[in-house]
Amino acid sequence: MIAKRSSKRKEKWEKIQNIFFVSIFLLVILGIIGFFIYNNFSINSRRSDLEQRKQELQAQLLELQLRQGDLEVKIEYNDSEEFQEKILREQGLFQKPGEEVITILPPDEKEEIDKGEKERVWWNPITWF
């Protein structure tokens, strides 16, 4: 009888040990699988963010390339003799034979004030308004 009880206890103990080790093993496996799933989601999220950033940068690159083309056209125009002659003529530094340069000066500020307003005198109340 004592042998049967001790063998039953051993069987129970071995069964409990087996259940414990199997449950620990399953928890470890589930932990590893959970870790991989979490990493997969975080990597996919980061990848989608980087894809979006890539599209934004490609759009910006295209815009800058178009601007570069416009600037190159302007540089070519500014290097032309026609443009340089136009600028020199506007500044009055270039004239062809037989031409005269006429410079129109802006009116003085005093003349504009005199035309627009009468002089206000502090002792004359009529000129205050």
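The values are calculated or read from the model by the stated rules, or taken from the named source; none is laboratory data. Predicted model, so just to flag it, every value in this text is computed and none were measured. Virtual Cβ from ideal backbone geometry, glycine too; neighbours counted across all protein chains shown.
For beta carbons closer than 9 Å, sequence separation of 6+ or different chains, a first residue in the range 92-107 that is on the phi > 0 side of the Ramachandran plot and a second that is part of a loop (DSSP other than H, G, I, E, B) and loosely packed, with under 10 Cβ neighbours inside 10 Å, the qualifying pairs are GLY92/ILE102; GLY92/THR103.
Residue selection: LYS86 satisfies the criterion of being part of a helix (DSSP H, G or I) and at pLDDT below 95.
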